[in-house]
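So the structure is just underneath, and the comments pick up after that.
Where a number appears in this text, it was derived from the coordinates with a stated rule and is not lab data. As the structure is a computational prediction, the values presented were derived from the model and not from experiment. Note that we place each Cβ from the backbone using ideal geometry, even for glycine, and neighbour counts take in every protein chain shown.
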Amino acid sequence: MQSLQLRYSSYFNKKYERTGHLFENRFKSKTVEGEIYKLNLVRYIHQNPVKAGISKIDTYNWSSYNEYLEENEEKNKLIDTKEILEMFSLDNKDAKAQFILFNQESYKFKNSEELLEYEMKNNLTDDEIIYFIKEYLKIENIQEIQHYSPNFRDEIICKISKIKGATQNQISRILGLNIRIIQRAMQKKNKDI
């Protein structure tokens, strides 16, 4: 992003014979791990035109909101809406109805930093996740999970990831596995569904 912004700024300044900054702030990125954070972030983005007094959510031309509601699934979309809609329901019609209601609720957060703080407050501690693994998955030695067969290990990772408040980084840290292994296991699970 930094390279893209720098090249575009140089192009724009040269074309319009100007100097100085083109963008107000530096590009920031944050990992979106939890479902609560992800859904509230989607709502926050869709409600930005309303907050700015520009437009309603469903009439803003430069929003992905209407792509979530399109009936024709075959149409070339700019974004993949399936993951977010399935967080509401596996029934597509019901998911879209819940998505509309969810986006009509006023957002609780003024900015993405507040969303991140909220998500962090609602995450479980490492000890709580370890307790879950030992009590509900009946695995006493958590470090042994590293040596399980890849398919069985991925199955365990998916079970742990279903705990509300467990993040990918936490699971990686607790199990002593690379974050990419955690991500691949969860992607594999989503493809199998």
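Can you work out the FRET efficiency for the pair Gln2 and Val50, with r the C-beta to C-beta distance and R0 = 25 Å, to the nearest 0.05? Plugging the Cβ-Cβ distance into 1/(1 + (r/R0)^6) gives 0.25.
Restriction of the GluC sites (Glu not before Pro) in segment 126-193 to DSSP coil positions whose beta-carbon has at most 13 other beta-carbons within 10 angstrom yields Glu140.
Note on Leu69 and Asn169: the model spin-label points, each 7 Å out from Cα along the C-beta direction, lie 3.5 nm apart. Modelled this way, with points 7 Å down the Cα-to-C-beta line, the labels at Met87 and Lys188 are 2.4 nm from one another. Spin-label model, Tyr11 to Ile179: label points 7 Å out along the Cα-to-beta-carbon direction sit 3.0 nm apart.
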